[in-house]
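Only the coordinates and a few stated rules stand behind these numbers; no lab work does. What you are looking at is a predicted structure, and each value in this text was computed from that prediction instead of being measured. Cβ placement follows ideal geometry from the backbone for every residue including glycine, while neighbour counts extend to all protein chains displayed.
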Amino acid sequence: MDKILQRSNGKIDIHLSNNNFKKNFQSGCSKILNPNSYNKNNELVLINTAGGLTCNDKIEINALIEKSEFSICTQAAEKIYAGIGDPAKVEINITLNNSNFYWLPKELILFNNSKLDRKININLVNNSNLIFCETSIFGRKAMSEQINNLSFFDQWKININSSLKHFEAININGSINDNYNNNYSFANKSSISTILIFGKITTELEPELRNIIKNIETHYCEMTKFDDKIIIRSLANDSYDLKKTLNYIMKNIIYDKLPKSWDL
């Protein structure tokens with residue numbers, strides 16, 4: 001008889017208004033903390049008590065943020081482990097209304113033979129601002145990890161007043177060697193990060209960001225601005241080098257609002 005494997009399920013459903021909780025629902029392996037913050041920003045910290053994700057795990061996060069300024073980060077890197085079954089599923093839905101929001105999770109680490117299907121949907125309403133940073137690590141070089149097989153589908157949608165402003169997706173199924181060796185994708189790098197910026201702050205931050213990017217010479221990092229949004233892409237051989245670059249960028253644009261658990 002086939003054995004039923006234990007799986008992790010977690011759900012978070014929160015409503016924040018004027019920097020205070022109106023609703024705070026959490027269940028399963030998903031927890032959220034609101035630690036004391038000694039900087040100018042309110043922080044929420046996501047915790048996965050399962051210690052990572054594997055096949056058939058499910059995580060759902062829903063957040064409504066109104067007239068507030070908050071960052072959401074994670075306690076640690078989210079690790080996606082090899083498993084048996086369908087991909088782990090993660091769905092994140094965030095609505096911002098007259099708010100400043102910083103989505104700053106720590107890195108996503110994918111291991112060989114791991115499977116993940118993730119969707120992130122963010123809707124900005126009424127003069128909201130968003131700084132969004134996501135990092136993916138395909139095998140940690142310091143641990144001599146090799147990725148030969150992977151199932152990874154990652155989709156991001158950013159809407160402003162319910163109108164689609166940005167969409168991107170990555171879909172890798174099977175060997176990723178072609179992606180690694182392709183100069184138009186990974187260029188033999190194992191660590192990749194994307195920063196997206198939306199709202200009126202794009203005009204304010206553009207000159208400073210261009211100067212910041214010019215000073216990054218250790219690895220690939222480029223910026224573009226169009227359609228009232230800023231996109232910054234970074235590629236590095238090592239996740240630690242990439243973290244140093246991200247810290248350098250973030251500390252120069254949001255200063256002491258950077259979450260303590262996100263810092264190096």
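Using the 10 angstrom Cβ neighbour count as an exposure proxy, how do Arg233, Arg140 rank, fewest first?
If I rank by nearby Cβ atoms, fewest first, I get Arg233, Arg140.
Report the rotationally averaged projected area of the range 10-187 based on its alpha-carbon convex hull, in square nanometres. Could you put the intermediate results ahead of the total?
Numbers: hull surface 44.3 nm².
Answer in nm², one decimal: 11.1.
Just from its helices, what would the mean residue ellipticity at 222 nm be for the chain, if runs of 4 or more DSSP H residues each count -39500 (n - 2.57) and the sum is divided by every residue, rounded to the nearest 500 deg cm²/dmol? Mind dumping the intermediate values first?
Values: 3 runs with 34 residues, N = 264.
Counting only the DSSP helices, I get -4000 deg cm²/dmol.
Loop only by DSSP, 12 or fewer other Cβ within 10 Å of the Cβ. Give me the chymotrypsin sites (Phe, Trp or Tyr not before Pro) in the range 19-68 that pass, ordered by residue number.
Filter output for the range 19-68: Tyr38.
Take the chain, connect every pair of alpha-carbon atoms lying under 10 Å apart with a spring to form a Gaussian network, then pick out the residue of Asn215, Asn121, Asn97 with the largest mean-square fluctuation.
Asn215
Which FRET efficiency value, to the nearest 0.05, do you get for Lys244 and Glu206 by plugging their Cβ-Cβ distance into 1/(1 + (r/R0)^6) with R0 = 22 Å?
Result of the calculation: an efficiency of 0.45.
To make sure I understand, if each residue's beta carbon is the centre and we count other beta carbons within 10 Å, what order do Thr135, Thr74 fall in, fewest to most?
Values: Thr135 22, Thr74 19.
So the ranking, lowest neighbour count to highest, is Thr74, Thr135.
Calculate the FRET efficiency for Met143 and Asn34 from the Cβ-Cβ distance with a Förster distance of 25 Å, rounded to the nearest 0.05.
Efficiency, rounded to the nearest 0.05: 0.15.
Suppose the chain between Lys260 and Lys67 were pulled fully straight at 0.36 nm per residue; how much longer would it get relative to their current alpha carbon spacing?
Taking Lys260 through Lys67 to full extension adds about 67.2 nm, to one decimal.
Return the loop-located trypsin sites (Lys or Arg not before Pro) in the range 63-98 (DSSP other than H, G, I, E, B) with at most 16 other Cβ atoms within 10 Å of their own Cβ; answer none if there are none.
Values: sites: Lys67, Lys79, Lys89; in loops: Lys67.
Passing sites in the range 63-98 are Lys67.
Looking at this model, which pairs from Lys58/Lys157; Lys23/Lys260; Lys79/Lys214; Lys157/Lys200 are more than 28 angstrom apart at the alpha-carbon?
Lys79/Lys214
Return the sequence-ordered ³J(HN,Hα) values of the range 10-21 in whole Hz as given by the Karplus equation 6.51 cos²θ - 1.76 cosθ + 1.60 applied to θ = phi - 60°, using x for Gly and Pro.
Result, rounded to whole Hz: x, 9, 10, 9, 10, 9, 10, 9, 6, 6, 10, 6.
If you take the beta carbon distance between Asn121 and Glu217 as r and set R0 to 35 Å, what does 1/(1 + (r/R0)^6) give as a FRET efficiency, to the nearest 0.05? Walk me through the numbers on the way to the answer.
Working: r = 36 Å, r/R0 = 1.02.
That pair, Asn121 with Glu217, gives E of 0.50.
Which of these, Lys31, Lys214, Lys189, has the largest mean-square fluctuation under a Gaussian network model of the chain (Cα springs below 10 Å)?
Taking springs between Cα atoms under 10 Å, the residue moving most is Lys214.
Run the simple label-point estimate for Asn97 and Asn252 please: 7 Å along Cα→C-beta, distance reported in nm.
Placing both labels 7 Å beyond Cα along the Cβ direction yields 3.7 nm.
How many nm is it between the label spots at Phe153 and Asn24, if each spot is 7 Å from the Cα in line with the beta carbon?
Result: 3.5 nm between the two label points.
I need Met143, Met250 ordered by Cβ neighbour count within 10 Å, fewest first. All intermediate terms of the calculation are to be shown ahead of the outcome.
Working: Met143 10, Met250 21.
Sorted ascending by nearby Cβ count, the order is Met143, Met250.
Whole angstrom only: what separates the Cα centroid of the range 33-47 from the Cα centroid of the range 101-118?
First find each Cα centre; the distance between them is then 21 Å.
To the nearest 20 debye, what charge dipole does the range 33-178 have about its Cα centre, counting +1 at the Cβ of each Lys and Arg and -1 at the Cβ of each Asp and Glu?
Values: 13 positive and 15 negative charges, 25 e Å.
The calculated dipole for the range 33-178 is roughly 120 debye.
For the chain, set up a GNM with springs between Cα atoms under 10 Å and report which of Asn93, Asn173, Asn42 has the largest fluctuation.
Asn173
If you count the DSSP beta bridges with both ends in the chain, what percent of them are antiparallel, to the nearest 5?
In the chain, DSSP labels about 45 percent of beta bridges as antiparallel.
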